[in-house]
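The values are calculated or read from the model by the stated rules, or taken from the named source; none is laboratory data. Since the model is a prediction, treat every value here as computed from it, not as a measurement. Cβ coordinates were reconstructed from backbone atoms using ideal geometry, including for glycine residues, and neighbour counts include every protein chain displayed.
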Amino acid sequence: MFKGKSLTLTCLLVMLMPSVADAATPIIEGERFHGVPGQHAMVVTSHTLASRVGHDILRDGGNAVDAAVAIGFALAVVQPRSGNIGGGGFMVISDEASGDVTSIDYRETAPAGAFETMFQDDEGNVVEAASRYSANASGVPGTVSGMAMALERYGSMSLDRVMAPAIRLARDGFTIPARFADGLNDSREQLEKNDGTQRLFYKADGSDWRAGEVFQQGELAATLERIAQNGPREFYEGETADHLIDTIKAHGGIMTHEDLKNYRAIERAPVHGTYRGYDVYAMAPPSSGGVHIVQILNMLENDDLTGTGFGSAASMHLMSEAMRRAYADRSKYLGDPDFFEVPVKALTSKDYARELRAQISLEKATPSEAIGPGNLTPYESNETTHYSVADDSGLAVSNTYTLNFSYGSGIAVDGAGFLLNNEMDDFSAKPGVPNAFGLIGGEANAVEPGKRMLSSMTPTIVKRDGKNFLITGSPGGSRIITTTLEVISNVIDHGMNVQSAVSAPRFHDQWLPDELRIEDGFSPDTVRLLEGMGHNVVQKSAMGASQSILINEEGFQGGADPRRETSSALGL
Ligand code: GLY
């Protein structure tokens, strides 16, 4: 769609400027939180070391896509719970100069041997362990193919150049933060069931990890080196593929060499909508994110959220009623568009949104059972990761990728040093039975060979007057869509700067279970009013981690989500 280009920075300019903009310079006066400023580019990720990798690529003349690909590989090393080469995801790319916005779909696919009832026992009951912690829990990984496609089509640097920092971090090791140590220590019971994972991720003496220790990954460094030298087909047809299939076979899985060989990332047009004069571009199916962000924004557009205000019962009621209607539609209409005709146009039409909005009372919550059936139990997990990059050539990248749960299936590829996803759980194992996020589905998202499982990942780019304005997205399972929605609304409806927008408390309603989930930080008066309207308000832990960028006349402003201790925005 558009050609790769280099960041228009002169080396001299870069050398004269502070490389890390860690001083808190207010961009909108009077706000309590302040984003990190940059004049030429911005990188925001969930890990300090990954942000540094992206920053250095931009400083060395790479563009936003070069930096995004380098970050993708770096996170696979420094944040193995979600950063990955054994999983998949989505990347939205906007090029201001041409006006094109495109996306790379590198979601995993079901192996050719997969079938609709594969996660059910003889009586037709869903066997959760099979779709979550077995070798068959893994879809065919897409990350390497997706990163390579983005780089080849829209980057300006070579694969070995952008992979070099990740290889170095894996080979030389890095100092681990508390989140890294706690994550592995807390997941021992599940991960140590697999010898390969135990050997790669835990110490020989059996002691716990402590923050400040150094973690090295020799096998992963060698794998990354092979990919950097031989290209992405190494992962799908080379020595890495052999290691991967050997591991799958050793654990009794169905994925084959042929499945790997046949995997292809796909470039797709993103979903486009408008909200109060802004253009919103977000990931199309097989992610549900773009469709439902646009659908919910359409339902809200004719109400005065600025007037009712952030965090008021009136605003939260209206937004949650819109959310639950969108999630009800998700359960029926969303799936892989190559297998099921997803009615994107209808779901994102302003007329349909008006119809849904007309069903919402401003005084009273609609019980979810009046919208659809169900009694579901959500599983708590946030372990996807999102990052945003933008440069002054007008390129912006919004990327979300994942292994699904923290550390995916928990099965590491022996001899290649990386974890495999458990993304097959995002299929509907049986119509009406919830997945790990409490989301249900039917025929549209049934398991089929070669099909991509439905996702909620919502990498999003909002443009104003043809210019990149807000680059956002989040991890958070089913909460990804609502987290991203609230960041957009905080900026557009409530005039927040990007740091305030990502820091503000969040809420979530996904139709089933019938509850309005809220983070800490909303007033008890608001909660009482919402309960009075009939909402089942439940206070639960942090939602998402939105690493976002806002671009305006003042320059670039990075908002790193404080919900992750390692979140980091670096400006140039
Ligand atoms: N695995 C979570 C998602 O893709 O939505």
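May I ask you to verify whether A396 is in a strand (DSSP E or B), more than 20 Å from G142 (Cβ to Cβ) and modelled with pLDDT of 95 or more? Answer is yes for this residue.
Residues checked against (1) farther than 25 Å from F201 by Cβ; (2) of a type in the set (F, W, Y):
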| residue | (1), (2) |
| --- | --- |
| A76 | no, no |
| N84 | no, no |
| M91 | yes, no |
| T102 | yes, no |
| Y106 | no, yes |
| T117 | yes, no |
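For the range 252-263, give me each residue that is in a helix (DSSP H, G or I) and in contact (Cβ under 8 Å) with a residue 40 or more places away in the chain. Even if it seems obvious, please write down each step before you answer.
Initial filter on the range 252-263 (in a helix (DSSP H, G or I)): 257-262.
Within the range 252-263, E258, D259, L260, N262 qualify.
On the given criteria, is V433 surrounded by fewer than 24 Cβ atoms within 10 Å (Cβ to Cβ), closer than 23 Å to H292 by Cα and within 16 Å of the ligand (Cβ to nearest atom)? Explain how you work it out, then say what you get.
Working: surrounded by fewer than 24 Cβ atoms within 10 Å (Cβ to Cβ): yes; closer than 23 Å to H292 by Cα: yes; within 16 Å of the ligand (Cβ to nearest atom): no.
No: the conditions fail for V433.
Within the range 134-155, is even one residue over 23 Å from I227 (Cβ atoms) and in contact with a helix residue (DSSP H, G or I) (Cβ under 7 Å, 6 or more places away or on another chain)? Within the range 134-155, one or more residues are over 23 Å from I227 (Cβ atoms) and in contact with a helix residue (DSSP H, G or I) (Cβ under 7 Å, 6 or more places away or on another chain). Can you find even one residue in the range 403-418 that is within 12 Å of the ligand (Cβ to nearest atom), out of contact with any strand residue (DSSP E or B) (no Cβ under 6 Å at 6 or more places or on another chain), farther than 26 Å from Y236 by Cβ and modelled with pLDDT under 95? Scanning the range 403-418 turns up no residue that is within 12 Å of the ligand (Cβ to nearest atom), out of contact with any strand residue (DSSP E or B) (no Cβ under 6 Å at 6 or more places or on another chain), farther than 26 Å from Y236 by Cβ and modelled with pLDDT under 95. Taking the conditions (1) modelled with pLDDT under 95; (2) within 15 Å of the ligand (Cβ to nearest atom) in turn, A446 satisfies each one other than (2). Looking only at the range 121-162, residues that are of a type in the set (A, V, I, L, M, F, W, C) and surrounded by fewer than 24 Cβ atoms within 10 Å (Cβ to Cβ) come to 9 in all. If you go through the range 272-296 and pick out every residue that is in a helix (DSSP H, G or I) and surrounded by fewer than 24 Cβ atoms within 10 Å (Cβ to Cβ), you end up with 0.
Of the residues in the range 459-479, how many are assigned to a loop (DSSP other than H, G, I, E, B), more than 9 Å from the ligand (Cβ to nearest atom) and under 16 Å from T384 (Cβ atoms)? Give the derivation first.
Going through the range 459-479, the residues assigned to a loop (DSSP other than H, G, I, E, B) turn out to be 459, 465-466, 473-476.
From what is left, the residues that are more than 9 Å from the ligand (Cβ to nearest atom) are 459, 465-466, 473-474.
From the residues that got through so far, the ones that are under 16 Å from T384 (Cβ atoms) too are 459, 473-474.
Looking only at that region, the number is 3.
Does the range 191-210 contain at least one residue that is touching a residue at least 12 places away in the same chain (Cβ under 8 Å), assigned to a loop (DSSP other than H, G, I, E, B), of a type in the set (K, R) and exposed (fewer than 14 other Cβ atoms within 10 Å of the Cβ)? Yes, that holds for at least one residue.
Name every residue in the range 211-233 that is closer than 23 Å to M149 by Cβ, among the charged types (D, E, K, R) and without any contact (Cβ under 8 Å) to a residue 40 or more places away in the chain, in order of residue number. First the steps, then the outcome.
Of all residues in the range 211-233, those closer than 23 Å to M149 by Cβ come to 220, 223-233.
When the remaining residues are screened for being among the charged types (D, E, K, R), the result is 225-226, 233.
R226, R233, listed by residue number.
State the number of residues belonging to the range 214-251 that are surrounded by 15 or more Cβ atoms within 10 Å (Cβ to Cβ) and either at pLDDT below 95 or part of a loop (DSSP other than H, G, I, E, B) (or both). Counting residues in the range 214-251 that are surrounded by 15 or more Cβ atoms within 10 Å (Cβ to Cβ) and either at pLDDT below 95 or part of a loop (DSSP other than H, G, I, E, B) (or both) gives 5. The requirement of being away from the ligand (no atom under 12 Å from the Cβ), outside any loop (DSSP other than H, G, I, E, B), in contact with a Phe, Trp or Tyr (Cβ under 8 Å, 6 or more places away or on another chain) and touching a residue at least 40 places away in the same chain (Cβ under 8 Å) is fulfilled nowhere in the range 519-530; no residue meets it.
Tell me yes or no: at least one residue of the range 491-507 is more than 16 Å from the ligand (Cβ to nearest atom), under 30 Å from F339 (Cα atoms) and over 19 Å from the mean Cα position of the chain (by Cα).
In the first step, residues of the range 491-507 are kept if they are more than 16 Å from the ligand (Cβ to nearest atom); the result is 491-507.
From what's left, under 30 Å from F339 (Cα atoms): none.
For the range 491-507, residues more than 16 Å from the ligand (Cβ to nearest atom), under 30 Å from F339 (Cα atoms) and over 19 Å from the mean Cα position of the chain (by Cα): absent.
Report every pair of residues separated by at least 6 positions or lying on different chains whose Cβ atoms are under 7 Å apart, first residue within the range 396-417 and buried (at least 24 other Cβ atoms within 10 Å of the Cβ), second of a type in the set (D, E) and not in a loop (DSSP other than H, G, I, E, B). Listed by first residue and then by second, the contacts come to N404/E423; N404/D425; N404/D426; A416/E219; G417/E219. When each of S428, S455 is tested for being at pLDDT below 95, within 16 Å of the ligand (Cβ to nearest atom) and surrounded by 23 or more Cβ atoms within 10 Å (Cβ to Cβ), the lone residue that passes is S428.
Is at least one residue of the range 61-75 closer than 23 Å to S288 by Cβ, in contact (Cβ under 8 Å) with a residue 24 or more places away in the chain and within 19 Å of the chain's Cα centre (by Cα)? Talk me through it step by step, then tell me what you get.
Of the range 61-75, the ones closer than 23 Å to S288 by Cβ are 68, 72.
Keeping just the survivors that are in contact (Cβ under 8 Å) with a residue 24 or more places away in the chain gives 68, 72.
From what's left, within 19 Å of the chain's Cα centre (by Cα): 68, 72.
Scanning the range 61-75 turns up at least one residue that is closer than 23 Å to S288 by Cβ, in contact (Cβ under 8 Å) with a residue 24 or more places away in the chain and within 19 Å of the chain's Cα centre (by Cα).
Among the residues of the range 35-59, those that are more than 16 Å from L395 (Cα to Cα) and either over 22 Å from the mean Cα position of the chain (by Cα) or surrounded by 24 or more Cβ atoms within 10 Å (Cβ to Cβ) (or both) comprise G35, V36, P37, T45, S46, H47, A50, S51, V53, D56. Quick check on T109: is it closer than 25 Å to T256 by Cβ, among the polar types (S, T, N, Q) and more than 16 Å from the ligand (Cβ to nearest atom)? Spelling it out, it is not the case that T109 is closer than 25 Å to T256 by Cβ, among the polar types (S, T, N, Q) and more than 16 Å from the ligand (Cβ to nearest atom). Once the range 286-332 is narrowed to residues that are among the hydroxyl-bearing types (S, T, Y) and within 16 Å of the ligand (Cβ to nearest atom), the residue that is farthest from L530 (Cα to Cα) is S287. The criterion of being within 13 Å of the ligand (Cβ to nearest atom), in a strand (DSSP E or B) and either modelled with pLDDT of 95 or more or not hydroxyl-bearing (S, T, Y) (or both) does not hold for T482. Out of everything in the range 326-343 that is part of a helix (DSSP H, G or I) and crowded, with 24+ Cβ neighbours inside 10 Å, what residue ends up being modelled with the lowest pLDDT? For the range 326-343, the residue satisfying everything is S331. Just checking, does the range 533-550 include any residue being crowded, with 23+ Cβ neighbours inside 10 Å, among the polar types (S, T, N, Q) and away from the ligand (no atom under 16 Å from the Cβ)? Yes, the range 533-550 has at least one match.
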